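The structure appears below as structure tokens.
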Amino acid sequence: MSMRRRGTRQDEAADVNVTPLLDIVFIMLIFFIVTATFLREEGIDVRTPEDTPEEPETQPPPALLLSVQEDGLVRVNNVRVIDPLSVTPVVEEFIAREPQGVVLVNAAPEAEAGVSVTVMDQAYAGNAAAVSIALQQGAE
């Protein structure tokens, strides 16, 4: 029996009660939180955008397509073929119908540069406010 008593005494001595330690830690935590000073730092003012109503779909302005062909003639809107020196009245008519319209000049790869310049000059003479030129890619 004496051995049993010794074992129980060692078990009792090995038990550590941590409850008072936790109490002290929580009291210190509360103390430090209460006595701490909180700084208000300046930062970036974040403002999220407000929901904006969707804009209606914008439509491109009406366009007059003048295609300079390889043979030196001009195709108007892929419908009719005219002489390069007859572009001015066609553009004037288009601008009279569509004041906000634009004129697009499309030159074939083998078309002469002088004909394309003549067509652009004729378009400007027809009171076109905006003339744009594009070159087609050659077939290789």
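The values are calculated or read from the model by the stated rules, or taken from the named source; none is laboratory data. Please read all numbers here as calculations on a predicted model, not as lab measurements. Every residue, glycine among them, receives a Cβ derived from its backbone with ideal geometry; neighbour counts consider all protein chains shown.
Of all residues being surrounded by 18 or more Cβ atoms within 10 Å (Cβ to Cβ) and touching a helix residue (DSSP H, G or I) at 6+ places or on another chain (Cβ under 8 Å) in region 119-135, which is nearest to D71 (Cα to Cα)? Just the residue, please.
V119
Assess whether P61 counts as being surrounded by 11 or more Cβ atoms within 10 Å (Cβ to Cβ), under 29 Å from the mean Cα position of the chain (by Cα), modelled with pLDDT under 90 and at negative phi. Before you say what the answer is, go through the steps one by one.
Working: surrounded by 11 or more Cβ atoms within 10 Å (Cβ to Cβ): yes; under 29 Å from the mean Cα position of the chain (by Cα): yes; modelled with pLDDT under 90: yes; at negative phi: yes.
The answer is yes for P61.
For G138, which of the numbered conditions (1) out of contact with any Gly (no Cβ under 7 Å at 6 or more places or on another chain); (2) modelled with pLDDT of 90 or more fails to hold?
G138 satisfies all of (1) out of contact with any Gly (no Cβ under 7 Å at 6 or more places or on another chain); (2) modelled with pLDDT of 90 or more except (2).
Could you please find all residues in region 85-131 being assigned to a loop (DSSP other than H, G, I, E, B), in contact with a Ser or Thr (Cβ under 8 Å, 6 or more places away or on another chain) and either closer than 19 Å to P62 by Cβ or touching a residue at least 60 places away in the same chain (Cβ under 8 Å) (or both)? Show your work before the answer.
Keep residues of region 85-131 that are assigned to a loop (DSSP other than H, G, I, E, B), which gives 98-101, 108-112, 126-130.
Subsequent filtering for residues that are in contact with a Ser or Thr (Cβ under 8 Å, 6 or more places away or on another chain) retains 108, 126.
Passing the criteria: only G126.
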